[in-house]
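Comments concern the structure below.
The values are calculated or read from the model by the stated rules, or taken from the named source; none is laboratory data. These numbers were taken from a predicted model, which means no experiment stands behind them. Heads up, the Cβs are rebuilt from the backbone with ideal geometry, glycines too, and the neighbour counts pull from every protein chain shown.
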Amino acid sequence: MSECCGQKSFDGTSRAYRRALVAVTAINAIMFVTELSAGYVANSQALKADALDFGGDAATYTISLAVIGMSVSVRSIASLLKAGLLAIIASFILISTLVRVFADQAPEAMTMSVIGVLALAANLSSVLILLQWRSGDSNVRSVWLCSRNDAIGNVAVIVAGGLVALTGSFWPDLLVAFALAGLFLKSSLAISSQALSELAGARRRNVSEAKAPS
């Protein structure tokens, strides 16, 4: 978030936040491998979509760790990179899900539900770890948005698994994949907007400092 009342947004420069970020990065990396494998076994597009989100999060959290303590401009550019990664993931999910529309093959509902519950537990742990740092600059906020998206996505996967079991249709699986892609795009736009605002603010400050008499 932008500066307010003369105070700067939290920029992640604390040991506790770094430890939290390392922990959630490890959780996301493990769940990426687990859920992607289950997605192929169960033939579930929703599981694959959620797994890609785990993988994207692990990558973006690593970027967040790398730029902590750097200038506002560097952190904002890193946030734009993360927003771009979210948009790429969303686009891939949309395209691959559209292809699956013509496959007419229902996924394995039990695997969807079991892995969905496991992923939800992992993401709720991440959300609880990051809860006190849900506000801050675009670099910090992008971490929170990614974790929140994961938890929402896991609930949707579990619901889709139940609907697939009840109906025998592949549509609940595909609809959840489409919804997750939309959520990722929305977060990408929110992160980009904040990062661009921070970049503009940093440039204005640099211009003001350059013009100030020495």
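Just a few scattered comments:
- Residue pairs whose Cβ atoms lie under 9 Å apart, separated by 6 or more positions or on different chains, with the first residue in segment 20-38 and within 11 Å of residue 118 (Cα to Cα) and the second in a helix (DSSP H, G or I) and of a type in the set (S, T, N, Q), are 31/123.
- Considering segment 109-121, and only residues there that are of a type outside the set (Gly, Ala, Ser) and surrounded by fewer than 17 Cβ atoms within 10 Å (Cβ to Cβ), the residue that is nearest to residue 170 (Cα to Cα) turns out to be 110.
- Candidates 50, 137 - the one that is at pLDDT below 85, farther than 28 Å from residue 165 by Cβ and among the acidic types (Asp, Glu): 137
- Matching option when the condition is crowded, with 21+ Cβ neighbours inside 10 Å, small (Gly, Ala, Ser) and closer than 21 Å to residue 185 by Cα, among 38, 83, 87, 59: 83
- In segment 79-105, the residues that are closer than 17 Å to residue 173 by Cβ form no Cβ pair under 6 Å with any partner that is part of a helix (DSSP H, G or I) and of a type in the set (Asp, Glu), whether six or more places apart or across chains.
- All positions within segment 156-171 that are over 14 Å from residue 114 (Cα atoms) and touching a residue at least 24 places away in the same chain (Cβ under 8 Å): 168, 169, 170
- Test: residue in segment 177-196 that is among the charged types (D, E, K, R) and either in contact with a Phe, Trp or Tyr (Cβ under 6 Å, 6 or more places away or on another chain) or in contact (Cβ under 8 Å) with a residue 12 or more places away in the chain (or both): no
- Extreme residue, surrounded by the fewest Cβ atoms within 10 Å (Cβ to Cβ), among residues of segment 90-108 that are of a type in the set (Gly, Ala, Ser) and at pLDDT below 90: 103
- Test: residue 153 is surrounded by fewer than 21 Cβ atoms within 10 Å (Cβ to Cβ) and touching a residue at least 60 places away in the same chain (Cβ under 8 Å): no
- Any hit, segment 94-108, residues being in contact with a helix residue (DSSP H, G or I) (Cβ under 6 Å, 6 or more places away or on another chain) and within 12 Å of residue 180 (Cβ to Cβ): yes
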